Amino acid sequence: MTKDVVAIAPHTPVAEAASGMMKARVGSALVMQGAMLMGIVTERDVLRAAASGSDLRTSPVSEWMTKDAETAGPDLDSEEAARIMLSRGFRHLPVTDGGRVTGIVSLRDVLSARIRRSRG
């Protein structure tokens, strides 16, 4: 799990979200309203927005994000996280504990964990 997440507000323009994701070198941003998780915006969402012809400087992420993103608890093991992501066709899984966002798991995180286990 990565504890440092890119968090943005629903009204954030897609271009600004994409810029923040690039600076942080991540493929997703959590869309937050205060402490509440509203959704997730990913590289794929940015591509969909760009392909639509929308002005990414003014189009808010709320129009492109996945609402009600599936989440995992902090005790979910990497194998189960991989199964969830692969079976549902996404690459990022927010982690919550008691309704509070504590991080995010990506397929990259799962692969890294698997490689570390195979070396140990």
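The values are calculated or read from the model by the stated rules, or taken from the named source; none is laboratory data. No experiment lies behind these values; they were computed from the predicted model shown. Cβ: placed from backbone, ideal geometry, glycine included. Neighbour counts: every protein chain shown.
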ask   = Taking Ser112, is it of a type in the set (Ser, Thr, Tyr), touching a residue at least 12 places away in the same chain (Cβ under 8 Å) and not in a strand (DSSP E or B)?
value = no
inquiry  = Checking the condition under 25 Å from Ser112 (Cα atoms) and among the β-branched types (Val, Ile, Thr), which residue from Thr2, Thr12 passes?
reply    = Thr2
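Which of the residues belonging to the range 23-82 are part of a helix (DSSP H, G or I) and either aromatic (Phe, Trp, Tyr) or farther than 19 Å from Leu107 by Cβ (or both)? Quick ask: steps written out before the conclusion?
Within the range 23-82, the subset part of a helix (DSSP H, G or I) is 23-24, 43-52, 61-63, 78-82.
Result: Lys23, Arg48, Ala49, Ala50, Ala51, Ser52, Val61, Ser62, Glu63.
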ask   = Hey, among Gly39, Gly34, Gly89, which residue is within 25 Å of Ser19 (Cα to Cα), at pLDDT 95 or above and either exposed (fewer than 13 other Cβ atoms within 10 Å of the Cβ) or small (Gly, Ala, Ser) (or both)?
value = Gly39
Residues of the range 1-22 that turn out to be within 20 Å of Leu56 (Cβ to Cβ) and part of a loop (DSSP other than H, G, I, E, B), as a count = 5
key: Test: residue in the range 60-70 that is of a type in the set (Lys, Arg), surrounded by fewer than 16 Cβ atoms within 10 Å (Cβ to Cβ) and closer than 20 Å to Thr42 by Cα   = yes
task = Identify the single condition in (1) buried (at least 18 other Cβ atoms within 10 Å of the Cβ); (2) part of a helix (DSSP H, G or I) that Val95 does not satisfy, given that it satisfies every other one.
result = (2)
task = For the range 59-98, name all the residues that are touching a residue at least 40 places away in the same chain (Cβ under 8 Å) and within 18 Å of Lys3 (Cα to Cα).
result = Pro74, Arg91, His92, Pro94, Val95, Thr96
task = Write out, first by first residue and then by second, each pair whose Cβ atoms fall under 6 Å of each other, whose residues are 6+ apart or on separate chains, and whose first residue, in the range 13-42, is over 26 Å from Gly98 (Cβ atoms) while the second is among the basic types (Lys, Arg).
result = Pro13/Arg57; Ala15/Arg57
task = Considering (1) at pLDDT below 95; (2) at negative phi, say which one Gly99 fails and leave the rest.
result = (2)
The range 1-29 - residue that is touching a Leu at 6+ places or on another chain (Cβ under 6 Å) and closer than 24 Å to Ala82 by Cα and, of those, surrounded by the most Cβ atoms within 10 Å (Cβ to Cβ) = Val5
